[in-house]
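The values are calculated or read from the model by the stated rules, or taken from the named source; none is laboratory data. Source: prediction; values computed, not measured. Don't worry about glycine lacking a Cβ; one is built from the backbone with ideal geometry, like all the others, and counts go over all protein chains shown. For accessibility, only protein heavy atoms count, side chains too; no ligands or nucleic acids. Shrake-Rupley method; radii C 1.70, N 1.55, O 1.52, S 1.80 Å.
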Amino acid sequence: MRFLKVLLAVMLVMGGLLVGVWRGWLPLPAAWNPWAPLDVRATPNLLTRFKLIRLRDNPQLCDQVLSGAGLKFTRQADSNPDVDCPLNNTLRVQGGEVALSSSFLASCPLAVAFVLFERHALQPAAQATYGQAVARVDHLGSFACRNMYNLENGSRSQHATADALDIAGFRLADGRSISVLRDWPKDNDDARFLRKVRDGACDMFSVVLSPDYNAAHRNHFHLDVGPWWVCR
């Protein structure tokens, strides 16, 4: 009984603190304020995924977050809700500080997560390994109205909501290419770079799957902002 009273008191105190932060009575640094807009320049932290979730159904907040992100994109009209895989608050990402092998469709959380990934995982890994930047990301696509592993009776893939992107490799500023399929199995700088990229992506994406996960991912990284947490 005493434990329950203590637990209730703690919950009341925590609730009061959250209300205080939300109402602005208790100022916090923006990076640690759950209701402050996500700043793509700030290093990802424990609140990053929560702030990404807040973007899902809030196009205005999405535009605010992306306004200074350096991302080139065009907004897409929301699809008919009766189609098999309806999309809303969706962007066509065309590149930014890093070029793309082609544009891709992305939910707002995926687009913002990609910006975080490029700034805080991809480019730092490239500079640490090669002393130069990544100039282009080569990908296999994002939106696909299908089930996981294309199984007829399987669960819907995160690709079906434009919440996932499959990356096959990278091109460095000097023209060299790094391929997940070719270079992951090696024991050299290219393989170490790919592992740094995979590990760094786990700070902003909910699910990161590499060749270590299964054979289906032997040639790409699957990055998504879905409800599950997996990094392998």
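Going through (1) open to solvent by less than 50 Å² (accessible area, probe 1.4 Å); (2) closer than 23 Å to Val40 by Cβ one by one, Asn147 falls short only on (2). In the range 125-143, the condition of being within 30 Å of Trp35 (Cβ to Cβ), in a loop (DSSP other than H, G, I, E, B) and open to solvent by less than 50 Å² (accessible area, probe 1.4 Å) is met by at least one residue.
Taking Pro211, is it within 22 Å of Arg54 (Cα to Cα) and part of a loop (DSSP other than H, G, I, E, B)? Answer is no for this residue. Only one entry in Ala135, Ala99, Ala125 is within 11 Å of Val197 (Cα to Cα) and either free of Cβ contacts under 8 Å to residues at least 12 places away in the same chain or over 11 Å from the mean Cα position of the chain (by Cα) (or both), namely Ala125. The number of residues in the range 59-102 that are outside any loop (DSSP other than H, G, I, E, B), open to solvent by 60 Å² or more (accessible area, probe 1.4 Å) and over 22 Å from Asp166 (Cβ atoms) comes to 4. Under the condition of being out of contact with any strand residue (DSSP E or B) (no Cβ under 8 Å at 6 or more places or on another chain), touching a residue at least 40 places away in the same chain (Cβ under 8 Å) and of a type in the set (A, V, I, L, M, F, W, C), which residue from the range 166-225 is surrounded by the most Cβ atoms within 10 Å (Cβ to Cβ)? Across the range 166-225, the extreme among qualifying residues is Met204. Looking at Ala164, Ala160, just one residue is closer than 18 Å to Val115 by Cα and either hydroxyl-bearing (Ser, Thr, Tyr) or within 21 Å of the chain's Cα centre (by Cα) (or both), and that residue is Ala164.
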